[in-house]
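**Student:** Quick one: structure below, then a few questions.
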Amino acid sequence: MGKRGLYGEVIRRMRPHWRTLIGVILAVGATSLIEVAKPWPLKIVIDNVLRDVPLATHWTALLSSRQLLAGACLILVAIYLVLGTLNVINNYVTIAIGQRMVAELRAQMFDRLQRLSLAFHRRREVGDLMVRIAYDSMSLQTIAMNGLFPVLSAGVMLAAMFVVMVRMDWILTATALGVVPLLFVLIAAVSHRIDRLASGARIKESRLYTVAHQALAAIHVVQAFTRESESYNEFVQSSSESLGESLKLYVFQTIYAGGVNALIAVGTALVIYIGARHVMSGTLTVGDLIVFTTYLASLYVPVNQLFQTYGMVQGARAGLRRCFELIELEPEIRDRPGARALARVGGEIAFDDVRFGYDAANPVLKGISFKARAGQTVAIVGPSGAGKTTMASLVMRFY
């Protein structure tokens with residue numbers, strides 16, 4: 001499944017929750033707009049209270065400096081209370097939606113596994129299937145909830161801040177946004193590498209669970225043949241390989257985050273330098289510069305969030321792709337078109353020149369023919385490996 005198909009499948013699974021999602025989107029938009037208002041009480045304190053300059057609004061003209069100071073502080077507290085309440089509601093609702101989507105995905109994967117043939121299960125490792133169900137499925141929540149809503153919130157906040165910042169000082173705004181194209185170049189350079197490392201880490205983790213499952217499921221055999229040391233060494237080696245791949249991914253993501261932060265630091269330093277020069281020349285007030293630098297931090301938070309989220313989503317794609325690979329598998333045993341449901345069975349079992357092999361090149365059964373009538377007891381005798389269990393499996397339609 002390609003990148004577009006993967007994201008399209010995520011969107012399709014979100015559709016049943018569209019009413020709740022609309023409410024969350026509106027709340028996210030409101031939160032982003034309220035974030036824009038956070039630095040303005042501080043500007044009022046600096047430019048109007050400390051300098052004793054009245055606000056250019058009719059309804060505040062009669063307020064004393066102390067009343068204006070108290071009002072600005074109360075507004076600041078109210079802004080943070082509203083933001084905290086909205087964030088709690090948004091987090092609860094988005095996590096709940098993500099968990100329901102994960103539960104649906106897990107149920108679909110488990111149902112598909114139960115319908116696949118024994119031949120499939122003989123070829124696949126149980127540990128790998130368990131990792132896909134238990135851990136890879138969580139990637140759906142990561143992409144849907146940690147990808148969609150942070151991007152939406154960051155987009156609304158960026159748009160609102162851009163409008164306000166351009167009205168304050170377009171030169172500083174252009175300087176602040178000058179690092180964004182460099183961030184896109186950084187993403188293009190590392191995205192493929194992150195995806196490849198994430199896929200390798202998932203595969204090694206699946207192998208670790210497989211080794212542990214096989215050793216514990218056959219512990220009586222391990223102890224009977226005194227293979228504890230060999231089993232231990234295999235587990236330790238698999239664990240080391242898994243941790244090594246995870247460390248590579250973590251280090252690369254950390255380097256990527258460091259590159260993003262370095263570019264943001266350059267943009268911040270340039271804005272502070274140019275903004276201080278504008279204050280010295282009288283084109284900006286100290287309060288304006290405080291608001292602008294506060295916006296700058298808030299501006300780079302969503303920008304950084306967008307790019308950090310991209311790295312997180314790239315890692316989650318590898319796990320989600322493994323889930324959809326499992327769901328898209330077609331059962332090897334399927335009913336013919338128009339097949340009737342099997343009613344109460346009372347007839348005979350007949351094999352007529354049956355040939356069967358777990359792979360086509362190596363047949364296990366060759367030309368087997370016999371009949372077992374209803375109520376008749378039939379014994380099938382033969383040495384180990386002759387195909388007795390295989391014949392019983394064919395009667396049960398396991399293959």
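**Student:** Please report, as a whole percent, how much of the solvent-accessible surface of the stretch 179-239 comes from carbon and sulfur atoms (probe radius 1.4 Å).
**Tutor:** Of the solvent-accessible surface of the stretch 179-239, carbon and sulfur hold 64 percent.
**Student:** Just to be sure I understand: with springs between alpha-carbon atoms less than 10 Å apart, which residue in Pro337, Pro16, Pro181 has the highest mean-square fluctuation in the Gaussian network model of the chain?
**Tutor:** Pro337
**Student:** Which of the aspartates and glutamates could be linked to Lys371 by a straight reach, that is with a Cα gap under 17 Å, when you skip same-chain ones fewer than 8 residues away?
**Tutor:** Glu348, Asp352, Asp353
**Student:** Give the lysines reachable from Lys248 as a straight Cα distance under 28 Å; neighbours fewer than 8 places away on the same chain don't count.
**Tutor:** Lys3, Lys204
**Student:** How far is it, in nm, from the label point at Leu74 to the one at Arg336 when both lie 7 Å from their Cα along the line to the Cβ?
**Tutor:** Output for this residue pair reads 8.3 nm.
**Student:** Also, quick follow-up: What length, rounded to one decimal in nm, is gained on full extension from Ile11 through to Thr294, with 0.36 nm per residue of separation minus their alpha-carbon distance?
**Tutor:** Values: separation 283, 0.36 × 283 = 101.88 nm, distance 3.48 nm.
Separation in residues times 0.36 nm, less the Cα-Cα distance, equals 98.4 nm.
**Student:** Sticking with this one: Express in nm, to one decimal, how much length is gained between Arg122 and Val88 on full extension, taking 0.36 nm for each residue of separation and deducting their alpha carbon distance.
**Tutor:** Between Arg122 and Val88, full extension yields an extra 7.6 nm.
**Student:** Taking the solvent-accessible surface of protein heavy atoms with a 1.4 Å probe, what is the per residue accessible area of the stretch 327-386 in Å²?
**Tutor:** 87
**Student:** Now, a different point. Find, among the chymotrypsin sites (Phe, Trp or Tyr not before Pro) in the stretch 157-264, those assigned to loop by DSSP (not H, G, I, E, B) with at most 16 other beta-carbon atoms within 10 angstrom.
**Tutor:** Working: sites: Phe162, Trp170, Phe184, Tyr209, Phe225, Tyr232, Phe235, Tyr250, Phe252, Tyr256; in loops: Phe225.
Loop-located and lightly packed - Phe225.
**Student:** Using a Förster distance of 35 Å, how high is the FRET efficiency between Leu216 and Tyr250, based on the Cβ-Cβ distance and rounded to 0.05?
**Tutor:** That pair, Leu216 with Tyr250, gives E of 0.80.
**Student:** Let me ask something additional. With the radius of gyration and the Kirkwood radius both derived from the Cα set of the chain, what is their ratio Rg to Rh? Intermediate values should be presented prior to the final figure.
**Tutor:** Working: Rg = 31.9 Å, Rh = 27.0 Å.
Result: Rg/Rh = 1.18.
**Student:** Evaluate the distance, in nm, between pseudo-label points positioned 7 Å from the Cα of Ala265 and of Ala96 along their respective Cα→Cβ axes.
**Tutor:** Reported label-point gap for Ala265 and Ala96 is 4.2 nm.
**Student:** Sticking with the crude label model, points 7 Å out along Cα→Cβ, report the distance from Ser393 to Thr20 in nm, one decimal please.
**Tutor:** 4.2
The values are calculated or read from the model by the stated rules, or taken from the named source; none is laboratory data. Please read all numbers here as calculations on a predicted model, not as lab measurements. Cβ: placed from backbone, ideal geometry, glycine included. Neighbour counts: every protein chain shown. Calculation scope for accessible area: heavy atoms of the full protein, side chains included, ligands and nucleic acids excluded. Shrake-Rupley method; radii C 1.70, N 1.55, O 1.52, S 1.80 Å.
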